[in-house]
Amino acid sequence: MLYCIDKTAFMTNKEIIDALSADVRKLMQQHAAAVEQLRAARKTNEEQAQKIRSLQELAKANKEEIARLRLGNALEKGSGDKSAARAQVNRLLREVDKCIALISNEI
């Protein structure tokens with residue numbers, strides 16, 4: 001019959017303390033590395049969030065520019081595009097009305 005004997009059964013107190021100390025040092029190093037990785041990930045995350053915000057602002061500005069150009073284009077063309085121009089002007093007027101209503105509610 002074979003018996004499995006735990007190696008710590010034959011270790012001295014000093015050997016156990018040394019082994020535990022080594023394990024604690026290793027865990028502390030792993031913790032420090034994990035904290036550094038987290039810091040780097042947070043920095044990268046903030047950089048990416050800033051890029052997203054700036055791209056969203058650019059996209060909004062581009063949409064506004066496209067709408068402005070479409071309105072100008074519709075106004076320049078002949079009578080066939082007047083309905084598109086009228087619809088765009090109506091959308092803009094509704095947006096202005098919404099802004100006025102919001103401002104009125106704040107006052």
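Derivation of every value follows stated rules applied to the coordinates shown; laboratory data play no part. Since this is a predicted model, take the numbers as computed values, not measurements. In this analysis, Cβ positions are derived from the backbone assuming ideal geometry, glycine residues included, and neighbour counts consider all displayed protein chains.
Key figures
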quantity: Environment charge of E36, counting only residues whose C-beta is closer than 12 Å and scoring Lys/Arg +1, Asp/Glu -1; calculated: +3
quantity: Cross-link reach list, aspartates and glutamates versus K98, counting only Cα pairs under 15 Å and skipping chain neighbours closer than eight places; calculated: E106
quantity: Label-point gap, in nm, between A84 and I103 - each point 7 angstrom along Cα→Cβ; calculated: 3.1 nm
quantity: Between 0 and 90°, nearest 10: helix 13-76 axis offset from the chain longest Cα axis; calculated: 10 degrees
quantity: Rounded FRET efficiency, nearest 0.05, which uses the C-beta distance separating E47 from N73 and R0 of 41 Å; calculated: 0.60
quantity: D18-A40 FRET efficiency (beta carbon distance; Förster radius 35 Å; 0.05 resolution); calculated: 0.60
quantity: Residue-averaged 222 nm ellipticity for the chain, from DSSP H runs of 4+ at -39500 (n - 2.57), nearest 500; calculated: -31000 deg cm²/dmol
quantity: Residue among A22, S54, L38 farthest towards the positive dipole end of the chain, charges placed on Cβ; calculated: S54
quantity: Label selected from [x] 299; [y] 121; [z] 159, the criterion being volume of the Cα convex hull per residue in Å³ as computed here; calculated: [x]
quantity: Estimated dipole of the chain in Debye, rounded to 20 [Cβ of Lys and Arg +1, of Asp and Glu -1, Cα centre]; calculated: 500 debye
quantity: At R0 = 22 Å, FRET efficiency that the Cβ-Cβ distance of E95 and A61 yields, to 0.05; calculated: 0.90
